[in-house]
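The values are calculated or read from the model by the stated rules, or taken from the named source; none is laboratory data. Worth saying up front: this structure is predicted, and the values here are computed from it rather than measured. Note that we place each Cβ from the backbone using ideal geometry, even for glycine, and neighbour counts take in every protein chain shown. Accessible surface areas use protein heavy atoms only, side chains included; no ligands, DNA or RNA. Shrake-Rupley method; radii C 1.70, N 1.55, O 1.52, S 1.80 Å.
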Amino acid sequence: MIRLLGLLLSLTITAYSHAGNGFVFLKDTTKQFYVADNEIYSPDKNWLLFFSKGNIFFTGENDARQNIFLYCTSMNPLEEKWNTIQLKEERQPAYSYYSGKFYTGQVRSEAEAQQKELLHVQRSGKWMAFYSSINDSLLAYYLADSLPNSTAIIVAYSLIERHDLLKQLKNKYSAIAAVQPAFSSIKPMWGNTTANEWIWDGKILRPRWNNNPQLGWTFDGKTIKPYWGNNIYEQYEWDGEYFRPVWRTNRNLEWQWDGRIFKPVWDTDWKNQYTISSGIVKPWSNVHAEREWQMEGDIPIPLVILIISGIARPM
């Protein structure tokens, strides 16, 4: 926030005469909006652009149905709860927000949010600042104590549209994908496939959409261990047939592979006996579709066991 405070200290701002009124500034100090309580005007104060009533933003002079612009599930963007913004003519939410961060589309989990963040809001003292989550650059700011919480929603929406942050996000991930090494992946066939998808690049196994190094694992052909840390009790060995802990005895964590089926050594439940065929990992019994996984590429059997058994966790 030093960069923001330095910028703010260099300005002489006298527009905030009383609570509920004030300007929203772009990063170059250009005025973006003038806000008076729940009404948002053009910078010259001559045109009413939006006003809020309840959880709805309207355009025009009244709250007639045809003037609805945005539906919001909450007017507090800093709320630690998933909320959405929906355009009048759209069936699906255009954006989500949670604890000062704005995302494209509807987001329901931290793991899913990893790849969808567009903009984040930071409050420092009396100031509210808006940053692009693509490159962490300052986009706008205002004196938060003078304006209602709902102001942040319309400001965030306008900045996302103004800077085409969705396109920037897509370009960013396209560039990352272009330089990333080839990898194999595995994910559940059903349920929360995004949060539980894993990738293997030949050295590190990690959740696809969560870059926390503490969640990664390495495998050298014999020993599987966490990528981060040196907890010896989280190390496992593989001899081509058996998967088991290295430094402790826990029969519940021992698995066997006979070249066709891998299964827990000390468990005879058929739903825990898996086969791999045509990229599908599934129980041998064929009656537990909810336990099926889809695999693209080649992932070593001990790493598949690590995931299927729940030892490796994506969050």
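Only residues that are more than 24 Å from K263 (Cβ to Cβ) and either of a type in the set (D, E, K, R) or in contact with an Asp or Glu (Cβ under 6 Å, 6 or more places away or on another chain) (or both) were counted in segment 221-251, giving 1.
Entry remark, segment 98-122: residues being within 13 Å of the chain's Cα centre (by Cα) and assigned to a strand (DSSP E or B) number 9 in total.
Number of residues in segment 96-116 that are more than 24 Å from L143 (Cα to Cα) and open to solvent by 20 Å² or more (accessible area, probe 1.4 Å): the value is 9.
Checking L253, L215 one by one, the residue that is under 27 Å from the mean Cα position of the chain (by Cα) and not polar (S, T, N, Q) is L215 and no other.
Would you be able to say whether some residue in segment 195-203 is more than 19 Å from E112 (Cβ to Cβ), among the charged types (D, E, K, R), open to solvent by 50 Å² or more (accessible area, probe 1.4 Å) and touching a Ser or Thr at 6+ places or on another chain (Cβ under 9 Å)? Yes. Return yes when Y71 is open to solvent by 40 Å² or more (accessible area, probe 1.4 Å) and either outside any loop (DSSP other than H, G, I, E, B) or among the acidic types (D, E) (or both) and no when it is not. Against the criterion (open to solvent by 40 Å² or more (accessible area, probe 1.4 Å) and either outside any loop (DSSP other than H, G, I, E, B) or among the acidic types (D, E) (or both)), Y71 qualifies. Out of curiosity, is S99 small (G, A, S), in contact with an Asp or Glu (Cβ under 6 Å, 6 or more places away or on another chain) and more than 15 Å from L70 (Cβ to Cβ)? When the stated conditions are applied, S99 passes them.
The rows are residues; the columns are (1) modelled with pLDDT under 90; (2) over 31 Å from the mean Cα position of the chain (by Cα); (3) on the phi > 0 side of the Ramachandran plot.
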site: L5; (1), (2), (3): yes, no, no
site: L8; (1), (2), (3): yes, no, no
site: H18; (1), (2), (3): yes, yes, no
site: G22; (1), (2), (3): no, yes, yes
site: F33; (1), (2), (3): no, no, no
site: S42; (1), (2), (3): no, yes, no
site: N46; (1), (2), (3): no, yes, no
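Keeping to segment 16-68, report how many residues are part of a helix (DSSP H, G or I) and under 18 Å from A156 (Cα atoms).
Taking segment 16-68 as the starting set, the residues that turn out to be part of a helix (DSSP H, G or I) are 65-67.
Now restrict to residues that are under 18 Å from A156 (Cα atoms): none.
The total comes to 0.
Going through (1) of a type outside the set (D, E, K, R); (2) at pLDDT 95 or above; (3) open to solvent by 50 Å² or more (accessible area, probe 1.4 Å); (4) under 29 Å from the mean Cα position of the chain (by Cα) one by one, G125 falls short only on (2).
Every residue, every condition in (1) open to solvent by less than 70 Å² (accessible area, probe 1.4 Å); (2) touching a helix residue (DSSP H, G or I) at 6+ places or on another chain (Cβ under 8 Å); (3) in a helix (DSSP H, G or I); (4) not small (G, A, S), yes or no:
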site	(1), (2), (3), (4)
N149	no, no, no, yes
K167	no, no, yes, yes
K170	no, no, yes, yes
W190	no, yes, no, yes
T193	yes, no, no, yes
N210	yes, yes, no, yes
Q214	no, no, yes, yes
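Among the residues in segment 148-165, are any in contact with a Ser or Thr (Cβ under 6 Å, 6 or more places away or on another chain) and not aliphatic (A, V, I, L, M)? Yes, some residue in segment 148-165 is in contact with a Ser or Thr (Cβ under 6 Å, 6 or more places away or on another chain) and not aliphatic (A, V, I, L, M). Only residues that are out of contact with any helix residue (DSSP H, G or I) (no Cβ under 7 Å at 6 or more places or on another chain) and of a type in the set (A, V, I, L, M): list them for segment 23-39, please. Matches in segment 23-39: L26, A36.
If the condition is being within 15 Å of I311 (Cα to Cα) and either acidic (D, E) or part of a loop (DSSP other than H, G, I, E, B) (or both), then segment 195-208 contributes N196, E197. For D63, the criteria (1) surrounded by 12 or more Cβ atoms within 10 Å (Cβ to Cβ); (2) farther than 26 Å from T193 by Cα; (3) modelled with pLDDT of 95 or more hold in every case but one, which is (3).
Checked against (1) surrounded by fewer than 16 Cβ atoms within 10 Å (Cβ to Cβ); (2) free of Cβ contacts under 8 Å to residues at least 12 places away in the same chain, Y41 passes all but a single condition, namely (1).
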